[in-house]
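Every number here is computed from the coordinates shown, using simple stated rules; none is lab data. The structure presented is a predicted model; accordingly, all values stated were derived computationally and were not measured. A quick note on method: Cβ atoms are made from the backbone with ideal geometry, for glycine too, and the neighbour counts reach across all protein chains shown.
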Amino acid sequence: MEGKLPDGPQPNADGTCQDRQVEAGDSCATLYGKCGITPSLLTKYNPATNFCANLKVNQWICCSSGSLKDRRPKPNADGSCATYTVKAGESCSVIEAANGMAEGELDTYNKKKTWGWAGCDKLWPNSKICLSSGTPPMPLPVANAVCGPQKPGTCTTLNPCPLNTCCNIWGQFGTTKEFCEITGDGTPGTGTCVSNCGMEIVNNKVPPAEYRKIGYFEAWNPDRDCLWMDATSIDESKFIHIHFAFADVTPDFKVDVSKVQAQFNKFKALKTSKRIVAFGGWAASTSTTTFQIFRDGVNSANRAALANNIANFVKEHGLDGADIDWEYPAAPDLPDIPPADPIDGPNYLAFLRLLRAALPTGETLSIAAPASYWYLKGFPIKDMGSVLDYIVYMTYDLHGQWDAGSKWSQDGCPNGMCLRSHINMTETYNALVMVAKAGVPASKIIVGVSSYGRSFKMKDPNCRGPMCDYTGTSSISHALPGPCTGVQGYISNAEIDEFRKVNDFSVATHYDQATRSNIAIINGTWIAYMDTAEKNARENIYKNWNFGGTSDWAHDLDSFTEIERKLSGPILTSKFTKKGVTGGSTRWYDLSCSMPAVTLVDMERKERWKGVMADEAWADAVKAYSARTTDTGSFSSWIIGRFFFFRGPQDVHCGTTLVANRCQDGQQGCTDKNSKPHDLTVNPPLRTGPAGQFIADSFAKLESAFVNYYAALRGARTDVAEPAPVLEDYFMKEVDDTFSKQLGYNSLAVV
């Protein structure tokens, strides 16, 4: 019997069909021709429903009888999946078809497993994916990644970030939403954040044993034109700790308080608060003449000497602790000084350990730390936290004139010149999240509050909102300076309140709920600050979050003391008027000795006092006397004497009526800037001005009045003493010496 020819091509020996791949532009009409078979055989060999309608590029089809080969990749022997690097323009269907996979298999192998898998709708070119079951691959490196698995050279770790900050999908770390937000479905690499995610405060389950209220005292404040507080005026009822700012460290690592000796002596006499001496500060840390002291002081050759000198100073003066305010170790970009060495951080920690050991038990050790990631990353802050009693966390100065021109300094403001609060509560919260994540217990973090504002000159005085611009550059501010603090871009709470009280300028204030900041606008200058109510409200917030307390910079900036108001009330008020701010720079010792207030004979003394600015001169004299560092005798001898404040006659002492004390001599003429005697070469000041002469002459007139008064009393005693026996004999018949005794006592009392 004659055999029948096979019906189409035969399968392979293993039973699989002869196959080929679908190419771009193919259809069933082209494929049966390429297979060399009829259309009916094509659909017979590929019996899937709607086969011709669902063709995909790279799909394998049968051109003969038999089954398709199983081309699906298999897991590797080590348990890892078979991998594939996605090419530009590819889709899941193309990859699945090329690898003999059913539709949806890629999602099964990669969802919630493979880095960067965001589903077939978001298939990223160059991403590495699984084509089988098994352990997913590490992602391909990204050249500029600094954290996470995409950092070049990564094998199996996630490359943790400094301070345990968040690492995002692009391999960058930070503390804000674009780094820390938890998004996506949980698949690694699909959300914003990769590691250390979240924006919640951690490490705060345990409250502090003691909630500390700390106030800094600026010991140099008597150098200001006004707003000066003597250490004896510190309100101890407001604080548990007072930090004395600052003692100096000399180039040979000894402690020096000679510049603020008078205030330090008074500070030591505080009764109820813990007295902490602070070292460093911004000026000492960044001045071209002193910045190197801390850098050298903490290195291995010097740290023991520095630690012992500070500890011995604390013990010698009976203080309660030390506070180190180095701003900042390892900082790479502080103005006008060389970049610091990264080794500063470990050196600082080693120094603190030595200082901790050198201080007596019970005395506290603290540091000040910045609330900026850029500068805090130079601190091994977790390890420092285990050494220190507390950390003063400077959650102020978050913005300032220095932002100008920096695209990274202000969220949503590319030129960095938008009006932003330096105490923004959202940014403060983020900073607290950062330091707690870094490993410091919240109970050891003392959160900063401020008694000053950061100010900016508004480009448009009528603009309102966070996108309004300010003027100037990163180093030049056009803001209205405080009449006392005298710095553009910085103004104390006391000065803000005084501007409002005097009301000679247009002052508008409101509370910005979004940033929890008080806002004042004074003559086109925009100021963000905290008033007392806001400071109290924040204190309650920080207590609820179990932080260790609050630290106020600075107590002497909050309000004018009653002493200063009594001594210089009218002068103080005048400084906050338009005339005082714009044209009131003349000082009492610059006035001419030929001015009418000096030369007119019939002028009222009250008007003369005002005309020669004697109020201001008197206030300066009292302030200088309070700040003296040595015992100079009585106030009168110090203020009038030739070699003291008003350069009067030598050896003056107005404490008695003796002629030899020369208090009646008065001032030897008026000396001004045009007639300064050659021997007046000692500061301050170099001349008396009319006020010096007027005050000295007033002392002389008072002295003369007292001398005349006591002379009259002595004369009266003599006049009464002679007839006393006669009066006694006439009016008192019985023997009784009461009258004569009493008369004698009265006479002695008069003398």
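With neighbour counts taken as other beta-carbon atoms within 10 Å, the residues Cys413, Cys166 rank, fewest first, as Cys413, Cys166.
Near Ser551, the amide H atoms lying under 5 Å from its own belong to Ile214, Val447, Gly448, Val449; only residues 5 or more places off or on other chains count, and H is placed 1.01 Å from N. For Gly482, the residues whose amide H sits under 5 Å from its own are Val487, Tyr490, ignoring neighbours fewer than 5 places away on the same chain, with H placed 1.01 Å from N. Couplings 3J(HN,Hα) for the stretch 503-513, derived from phi with the Karplus relation 6.51 cos²θ - 1.76 cosθ + 1.60 (θ = phi - 60°), are 6, 8, 9, 6, 10, 10, 10, 7, 10, 9, 5 Hz, where x marks Gly and Pro.
For the stretch 81-123, the gyration tensor built on C-alpha atoms gives a rounded shape. Its axis ratio a/c (a ≥ b ≥ c) stays under 1.5.
Contact order normalised by length for the stretch 19-62, with contacts defined as Cα pairs under 8 Å and 6 or more residues apart; what percent is it? Display every interim value, and only then the final one.
Working: 36 pairs, mean separation 28.1, N = 44.
Over the stretch 19-62, the number comes to 64 percent.
How much length would be gained if the chain were fully extended between Ala705 and Leu68, taking 0.36 nm per residue of separation minus their Cα-Cα distance, in nm to one decimal?
216.7 nm
Taking the Cα centre of the stretch 460-562 as origin and assigning +1 to Lys and Arg Cβ atoms and -1 to Asp and Glu Cβ atoms, the resulting dipole is close to 320 debye.
Karplus-derived 3J(HN,Hα) values for the stretch 54-66, using 6.51 cos²θ - 1.76 cosθ + 1.60 with θ = phi - 60°, are 10, 5, 10, 4, 6, 5, 8, 10, 8, 10, 8, 6, x Hz; glycine and proline are entered as x. Across the stretch 263-270, coupling constants 3J(HN,Hα) worked out from phi with the 6.51/-1.76/1.60 Karplus curve, θ = phi - 60°, read 5, 5, 4, 6, 4, 4, 8, 4 Hz, and Gly and Pro carry x.
Could you tell me whether the stretch 1-157 comes out rounded, prolate or oblate from its Cα gyration tensor? Rule is a ≥ b ≥ c as square roots of the eigenvalues, rounded for a/c under 1.5, then prolate if a/b exceeds b/c, otherwise oblate. Because a/c hits 1.5 or more and a/b exceeds b/c, the stretch 1-157 counts as prolate.
By average Cβ neighbour count within 10 Å, what is the ranking of 7-13, 387-393 from highest down? Provide the component values of the computation, followed by the final result.
On the way: 7-13: 13.6, 387-393: 22.9.
The peptides rank, most packed first, as 387-393, 7-13.
Once backbone amide H atoms are built at 1.01 Å from N, Leu140 has Lys128 as its partners under 5 Å, excluding neighbours fewer than 5 places away on the same chain.
Of the residues Leu319, His399, Leu359, the one whose Cα sits farthest toward the positive end of the charge dipole of the stretch 311-423, with +1 on the Cβ of Lys and Arg and -1 on the Cβ of Asp and Glu, is His399.
Measuring against 25 Å, Cα to Cα, the residue pairs Lys266/Lys535; Lys34/Lys122; Lys238/Lys259; Lys444/Lys535 contain Lys266/Lys535; Lys34/Lys122; Lys238/Lys259 as the ones spanning a longer distance.
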